């Protein structure tokens, strides 16, 4: 992996004004972790000075005290409700219907942002109007108790590597997962995908997420985002996934793996590409998988993909300026 500053940095015409960031948290019976999630959003550095926060919590009719926790923060929320719903992704879609911010993301009710996440996102989106969606090159995994247990090392993503399935569980080589808890996008991109979904499913409620994906809807969204424009990365952690026993979206869950692969296959078909080669499949024999890991039959040549990454030019400056550099990988 190599990096070089971009010759023509697209930060020439920064967006004026203070952006509004809309965050939705869907929740169902997550009382032990919900408060930490909400406070990681509500206590963000720079809120009210560098960006405006619009926070919505959608509880699916919890019976473990989650709704009572949400009610404690009601005066700081743009909207909240507690009632049975049609599932996780339908709840996120519904939540975004109560928002208007130009930058969007959702955070599940057991995960957390880093304290600097939203000011970083606001700065990059403001200084670089050409960035349509952004994720972290260094995603975090939180322990069950909320400590930082692992940080990804310099991950990169592009439309091509996403379509090649190289960010899927069990892919060979596996270039790292694009983490939902560290991903943000502009409303224009969300609206474009919502319009496409409305054309495909005219009777469905509004929203870009497709609830027929029960656990892998995030990867489906990334594939459809990438069909419009490639992702960019920030050279710092933004948030993290809390590791808990029995999670539906754990990488060992076959349903999650199947849905992620389904999202890639649908994206490839839409782009006129053939199905993934069988050698990317997670269930291949260990000896065969190790053969590819050892480089005896590499899927992709080194330096095949490119990704725009944003980093702070001068760490000692009073006002950070984020510059772009091109990351060449793997």
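Coordinate-derived values only; no laboratory data. Here the structure is a predicted model, which is why all the values come from computation and not from measurement. Virtual Cβ from ideal backbone geometry, glycine too; neighbours counted across all protein chains shown.
Laid out as a table, the results:
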quantity	calculated
Extension reserve of the residue 301-residue 254 stretch, reckoned as 0.36 nm per residue once the Cα distance is removed	14.0 nm
Inter-label distance for residue 68 and residue 328, nm, one decimal - labels placed 7 Å from Cα along Cα-to-Cβ	6.0 nm
Net length gained if the chain between residue 86 and residue 45 were fully extended (0.36 nm per residue, minus Cα distance)	11.4 nm
Simple spin-label estimate for residue 97 and residue 315 in nanometres, 7 Å along Cα-Cβ	4.7 nm
Among 135, 229, 183: highest mean-square fluctuation, GNM of the chain, C-alpha pairs under 10 Å	229
For a label point 7 Å along the Cα-to-beta-carbon line of residue 212, residues of the range 260-274 with backbone N under 13 Å	262-263, 266-267
Helix-only [θ]222 nm of the chain, DSSP H runs n ≥ 4, -39500 (n - 2.57) each, per residue, nearest 500	-8500 deg cm²/dmol
Spin-label model distance (nm) - residue 75 vs residue 153, 7 Å beyond Cα toward Cβ	4.8 nm
GNM result for the chain, Cα springs below 10 Å: residue of 72, 265, 196 fluctuating most strongly	72
Three-way shape call for the range 48-172 based on the alpha-carbon gyration tensor, with the a/c threshold at 1.5	prolate
Residue among 195, 122, 105 with the largest mean-square fluctuation in a Gaussian network model of the chain, springs linking Cα atoms under 10 Å	195
Cα gyration tensor shape of the range 112-192, rounded if a/c is under 1.5, else prolate or oblate by comparing a/b with b/c	oblate
Kirkwood estimate for the chain, i.e. one over the average of 1/r between Cα atoms, Å	20.5 Å
The chain: antiparallel DSSP beta bridges as a percent of all, rounded to 5	45 percent
Calculated FRET value between residue 203 and residue 271, using beta carbons and R₀ = 30 Å, to 0.05	0.65
